[in-house]
Amino acid sequence: GDRRGAGGTGGDAVSIAKLGDVAEFINGAAFKPVDWGEEGKRIIRIQNLNDPSKPYNRTQREVSEKYDVPTGTLLVSWSASLGVFEWQEPDTALLNQHIFKVVPDRAKIDQGYLRHMLSKSLIDMQRFLHGATMVHINRKEFLSIEIPLPPLAEQKRIAAILDKADALRRKRREALALLDTLTQSIFVEMFGDLKRNVKEFNISPLKEVSTCLDRQRKPIKASERKEGAVPYYGANGLQGYIDRPIFNEPLILVAEDGGHFSEPQKGVAYKIDGPTWVNNHAHILQPHEKIIDIEFLHRSLRHYDFMPYVSGTTRLKLTQAQLMRAKILIPP
């Protein structure tokens, strides 16, 4: 039946069609390792579509022509990972299973328009199944998806607009990648390769650039937790507030246990500006100001890999002795 399209011109009705009514969807052949060889046609697998740098298997096995994939063929991966692709290689390849070869009915639908509608349909299916582990799409359900089907001329116009939008997005991604590369280049020019320390900055253990104040920390009982303006910290950062401080100066806290030591950005090191109370699950470092800047130490420890210094399996622990052995780079 016809439905009114919100984007139609002059109030014209826009037809609705099922994917299975405007194109043929051919599933690939089940090639086995025994079919592979050094010569013959390339076999297109999902991994080749997702990453063109992946090597192709080849085969000399004779299969039906329906599995041939000439240049310009639309492909839809429907298992494990979902996506719409267009085979742009100069040779005719063969289609592996779990991929649809899409043959549009050109009297009904423009291939460029169909490509965009297929992408939208996959996104819609993923949204519908949000929260589920989507292993593959159901062929019958997929081919029953309805898409707007304006006249061919309008389809081509829409496809051209969407192609331009895709090109703009691609150029923006490329520009951002170049900007990221430029930023890294500027950093390396200023500081060199930090892993190789080509600038020959000083490398010192924490015990030489800071004092550990762990002896001054105190656990807090539930009965002692009162409303107040003084924050108290533990291994996982801010724990609440209390009415009196232990410390009044800027300090660095490092988790003793329970921290995400393999992923420091999740919260292992914190900078506090005092007044503060600290319990006995966080180490307390007071930087030697003449040697190291507190903000530099804070940022360094936030991105530090503490895993070589921690012990334990089920619950990781970073002892005071191991913490103070940890070495950091110290530029001027």
* Which loop trypsin sites (Lys or Arg not before Pro) in the range 84-114, with loop taken from DSSP, have no more than 12 other Cβ atoms within 10 angstrom of their Cβ? -> Arg106
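Within the set of other residues whose C-beta is less than 11 Å from the C-beta of Asn280, count the net charge using Lys and Arg as +1 and Asp and Glu as -1.
Combined, the nearby Lys, Arg, Asp and Glu give 0.
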* Helix-only mean residue ellipticity at 222 nm for the chain, each DSSP H run of n ≥ 4 adding -39500 (n - 2.57), per residue, nearest 500 -> -8500 deg cm²/dmol
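Quick one: if the Förster radius is 35 Å, what FRET efficiency do Leu176 and Lys199 give, using the C-beta to C-beta distance and rounding to 0.05?
So the FRET efficiency works out to roughly 0.80.
From the C-alpha coordinates alone, can you work out the Kirkwood hydrodynamic radius of the range 240-332, in Å? Can you show the working numbers first?
Working: mean 1/r = 0.0720 Å⁻¹.
Here the Kirkwood hydrodynamic radius works out to 13.9 Å.
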* Could you tell me which helices of the chain pass both thresholds, a Cα extent of 15 Å or more along their own axis and a mean Kyte-Doolittle hydropathy of at least -1.0, with helices taken as whole DSSP H runs? => 111-128, 152-191
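So for Glu189, Glu289, Glu154, what's the accessible-area order with a 1.4 Å probe, most first? Provide the component values of the computation, followed by the final result.
On the way: Glu189 145, Glu289 165, Glu154 50 Å².
Highest to lowest solvent-accessible surface, that is Glu289, Glu189, Glu154.
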* **Cut-off under 5 Å, modelled amide H: who pairs with Lys41 long-range** => Thr59
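So which GluC sites (Glu not before Pro) in the range 10-103 are both in a DSSP loop and have at most 12 other Cβ atoms within 10 Å of their Cβ?
Numbers: sites: Glu24, Glu38, Glu39, Glu62, Glu65, Glu86; in loops: Glu38, Glu39, Glu62.
Within the range 10-103, the qualifying GluC sites (Glu not before Pro) (loop, at most 12 other Cβ atoms within 10 Å) are Glu38, Glu39, Glu62.
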* **Neighbourhood charge, 13 Å Cβ-Cβ cut-off, centred on Leu152 and excluding it, Lys, Arg +1 and Asp, Glu -1** => +1
* **Among (1) 21.5; (2) 25.9; (3) 20.4, the entry derived from the coordinates for Kirkwood radius over Cα pairs in Å** => (2)
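Taking R0 as 51 Å, what FRET efficiency do you get between His288 and Ala165 from their Cβ-Cβ distance, rounded to the nearest 0.05?
Values: r = 56 Å, r/R0 = 1.09.
Taking R0 as 51 Å, the efficiency between His288 and Ala165 is 0.40.
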* To do: Mind checking which aspartates and glutamates have their Cα closer than 15 Å to the Cα of Lys120? Skip sequence neighbours fewer than 8 apart in that chain.
  => Glu141, Glu146, Asp163, Asp166
* Relative contact order for the range 243-332 using alpha-carbon pairs under 8 Å, separation at least 6, rounded to a whole percent? -> 33
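Could you tell me what % of all Cα pairs in the range 21-123 have separations over 17 Å?
Values: 2641 of 5253 pairs.
Cα-Cα pairs in the range 21-123 separated by more than 17 Å: 50 percent.
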* Between Asp124 and Val63, what is the label-to-label distance in nm when each label sits 7 Å out along the Cα-to-Cβ direction? -> 3.0
* **Radius 15 Å from Cβ of Gly192, net charge of other residues (Lys, Arg +1; Asp, Glu -1)** => 0
* Asked: Relative to a virtual label point 7 Å from the Cα of Ala80 in the Cα→beta-carbon direction, which members of the range 32-64 show backbone nitrogen distances below 19 Å?
  -> 32-37, 42-59
* To do: When a/c is below 1.5 the answer is rounded, else prolate if a/b is larger than b/c, else oblate, so apply that to the range 185-264 with a ≥ b ≥ c taken from the square roots of the Cα gyration tensor eigenvalues.
  => prolate
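The values are calculated or read from the model by the stated rules, or taken from the named source; none is laboratory data. Small disclaimer: the values here were computed from a predicted structure and weren't measured. Positions of Cβ are generated from backbone atoms using ideal geometry, with glycine treated the same way; all protein chains shown enter the neighbour counts. Ligands, DNA and RNA are stripped out before the accessible areas are found, and what is left, the full protein with its side chains, is counted by its heavy atoms. Shrake-Rupley method; radii C 1.70, N 1.55, O 1.52, S 1.80 Å.
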